[in-house]
Amino acid sequence: MQLEKGQPAPDFELKDADGKTWRLSDLRDHKVIVYFYPADDTPGCTVQACDFRDRQQDFAKAGYVTLGISPQDENSKRKFVDKYNLNFPLLADVGAEVAKRYGVTADLGSYNGIKLKVKRSTFIVGEDGNLLDVQYGVKAKGHVEGLLDAIKL
C-alpha cells in the first residue's frame with residue numbers, strides 16, 4: 001500500500017539519537033520533510049544525509065522541519081550523527097513499523113551484514129498533517145536539490 005498526495009500522513013512516535021521522543025502530530029502548524037532511508041552510515045544514505053545537513057538552513061528558512069527515519073537503533077543514530085555532524089533529527093524505527101505504515105518496506109538485500117528493508121522515500125507533510133508530496137524510490141544523489149526545487153525555494 002502506498003500513500004498518496006492529500007492523504008493524512010500517518011502519525012508516529014519515535015526516538016532520536018539523544019533519546020528524545022518525536023511525534024509527527026506534535027509538529028502540526030509546521031511543514032515537515034519525513035525521509036526514510038535504508039541504513040545509517042552506508043554510502044548512499046551518507047550522501048543523502050550530508051546533503052540534507054548542508055541544506056538545512058534552506059529548509060529551515062522555508063519553514064520546514066527535517067526528520068530522517070531508518071530501522072537502526074538510537075545508538076546507531078548517535079554514531080551516524082556524530083560522525084557526519086548531522087544537524088537534524090534521525091529517528092529509530094526499530095522493527096520498521098512506521099516504514100510499513102508509509103509503504104516503504106521491501107527486501108533490498110544487505111550491505112556489510114545489515115539487512116536493508118526500507119526503500120529510500122520522502123514525504124512532505126503540510127501544516128495540517130496532510131501529505132503535500134509523496135516520493136517513493138528516490139535516488140540518494142541529487143535528491144535534496146530536487147526536493148528544494150519541489151518546495152519552491
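Each value in this text was obtained by applying a stated rule to the coordinates, not by laboratory testing. This one's a predicted model, so the numbers in the text were calculated from it and none came from an experiment. Positions of Cβ are generated from backbone atoms using ideal geometry, with glycine treated the same way; all protein chains shown enter the neighbour counts.
Spin-label model, K5 to A150: label points 7 Å out along the Cα-to-beta-carbon direction sit 1.0 nm apart. A full extension of the chain between D54 and Y136 corresponds to an added length of 27.3 nm, given 0.36 nm per residue minus the alpha carbon distance. Remark on W22: its backbone amide H falls under 5 Å from those of L14, K15, D16, a criterion applied only to residues 5 or more positions apart or on other chains, H modelled at 1.01 Å from N. Structural descriptor for the chain: relative contact order 33 percent, calculated from alpha carbon pairs under 8 angstrom and at least 6 residues apart. Overall, the chain carries a charge dipole of about 300 debye about its Cα centre when +1 sits on the Cβ of Lys and Arg and -1 on the Cβ of Asp and Glu, all other atoms neutral.
With bins 5 Å wide beginning at 0, the percent of Cα pairs of the range 20-75 falling in each bin runs 4, 16, 25, 24, 20, 9, 1. Put a plus charge on the Cβ of each Lys and Arg, a minus charge on the Cβ of each Asp and Glu, and nothing anywhere else: the dipole of the range 1-86 about its Cα centre is then about 160 debye. Dipole orientation for the chain: of the candidates Y35, G6, G19, Y35 has the Cα lying most toward the positive pole (charges on Cβ; Lys, Arg +1; Asp, Glu -1). Taking label points 7 Å from Cα along the Cα-to-Cβ direction, E13 and D128 give a separation of 2.6 nm. Would you list, by chain and number, the lysines whose Cα falls below 23 Å from the Cα of K152, excluding same-chain residues fewer than 8 positions away? Correct list for K152: K5, K31, K61, K139, K141.
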